[in-house]
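Each reported figure results from applying straightforward, stated rules to the coordinates on display, with no laboratory input. It should be emphasised that the depicted structure is a prediction, and the values quoted were computed from it without experimental measurement. Cβ sites come from the backbone with ideal geometry, for glycine too, and all protein chains shown count toward neighbours.
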Amino acid sequence: MTSSQTEQAPETNSDLQLVERTLAGDQRAYEMLVVKYQRRIERLIGRMVRDVDLIPDIAQETFLRAYRALHQFRGDAQFYTWLYRIAVNTAKKALVDLKRNPIITETALRSNDDDDETSGNPFELTTDETPETVLAAQEIAAAVNAAMEALPEDLRQAVTLREIEGLSYEEIAEAMNCPIGTVRSRIFRAREAISVRVRPLLEKQSGKRW
């Protein structure tokens, strides 16, 4: 019995199983999905809006929309990838309704810890903690923020998914509904644009590289 329970646990707790249980009428299963992804979705929305008061409402609307469309989830992609798309669309709609523009915040950019296999992390500066280096890091973060805001939406979304959300190229292609080659091209172009804005600041830091 113990062995059987152990084998069933991962399957029972999988996102797809929770979706299936929800569709079968188990409301607690969907509550588990909300609990699992709420903070992550709120962080995502927080990167798109400055008004923190809007975040809970947009997150709630995201999960309501996902619930209504749950029958469309087939398990071909990760549940978060599917949910991400709904969250982005919900946030965009809210911002359009309020006549605001999506903005990636400096805090979100500085929270990135993702590594890419072909390039150094463009959002991370390794420094010693001194007033000068802290100020330099803040200036660089502000430059990255400005560069991100200046990107076309498709480039900004692709690089955000990769560098901040840490999704794979396959997951990004699924979320953005485009070929992997397009994803790679968008991320490359975004990094180049950011590099052009940030490189002059980095060159002032003798011995510092990104």
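Within 10 Å, count the other beta carbons around each residue, average over each peptide in 62-75, 178-191, and list them highest first.
On the way: 62-75: 14.8, 178-191: 16.9.
Descending packing order for the listed peptides: 178-191, 62-75.
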Descending packing, highest mean Cβ count within 10 Å first, for 152-164, 42-54, 20-32 is 152-164, 42-54, 20-32
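What's the ranking of 193-201, 137-145 by average number of surrounding C-beta atoms within 10 Å, highest first?
Descending packing order for the listed peptides: 137-145, 193-201.
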